[in-house]
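Colleague: Here it is, the structure in full.
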């Protein structure tokens, strides 16, 4: 009797977790390029009509060097997406974000629905990862947008060694380059494991 009740609870939990479907994005995709200050389109091909709430904020994310996606600092949502039906949303690309190739959008609709990574071009703010620090033979670090093979220090040529540095911050959200995180699957597996441990 106890086992039947536990299995019923586990099945109910798995069904609840699975009911929040991930959004399937039509745009942006990996070849998408947004331009700062211009209008851009976010589109999705499925619905979340089975949920009580169908309107969710669209957050712009960036991917760190270690592969973790984090919200763009100081940026509110790009707008609200209503996934009661498949559709699209026009948003204004922020002018405060630097150029880069590691942007995505995130809609949390019961699950975390990430888009593919895409590019934002901003002529006013270059890509910070394009800045390369070089060290000359004299040990004096210099910063340049592109690495060079040699440089001159006090009239003598010296070789340079390029190295790229990236900013670090902390978070726990891991990306899925396929476009979405399936957090519900992890919860379902945890429930199933707990039930199995209890039964056996």
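The values are calculated or read from the model by the stated rules, or taken from the named source; none is laboratory data. Just so you know, these numbers come straight off a predicted model, no measurement behind them. Cβ coordinates were reconstructed from backbone atoms using ideal geometry, including for glycine residues, and neighbour counts include every protein chain displayed.
Colleague: I'm trying to understand the selection: among the residues of segment 68-86, which are surrounded by fewer than 19 Cβ atoms within 10 Å (Cβ to Cβ) and in contact with a strand residue (DSSP E or B) (Cβ under 7 Å, 6 or more places away or on another chain)?
Modeller: The answer is 70, 71, 72, 75, 77, 79, 80, 82, 86.
Colleague: What are the pairs with Cβ atoms under 6 angstrom where one residue, in segment 53-66, is over 22 Å from residue 92 (Cα atoms) and the other, located anywhere, is surrounded by fewer than 18 Cβ atoms within 10 Å (Cβ to Cβ)? Sequence gap at least six, or different chains.
Modeller: 65/166
Colleague: Residues that are under 20 Å from residue 130 (Cβ atoms), touching a helix residue (DSSP H, G or I) at 6+ places or on another chain (Cβ under 6 Å) and outside any strand (DSSP E or B): does segment 91-106 have at least one?
Modeller: Yes, that holds for at least one residue.
Colleague: Still on this structure, please answer the following. For residue 109, which of the numbered conditions (1) modelled with pLDDT under 95; (2) in contact with a helix residue (DSSP H, G or I) (Cβ under 8 Å, 6 or more places away or on another chain); (3) closer than 30 Å to residue 59 by Cα fails to hold?
Modeller: (2)
Colleague: Out of segment 117-134, which residues are touching a strand residue (DSSP E or B) at 6+ places or on another chain (Cβ under 7 Å), crowded, with 17+ Cβ neighbours inside 10 Å and not in a strand (DSSP E or B)?
Modeller: 117
Colleague: Looking at segment 67-88, which of its residues are under 12 Å from the mean Cα position of the chain (by Cα) and in contact (Cβ under 8 Å) with a residue 60 or more places away in the chain?
Modeller: 67, 68, 69, 70
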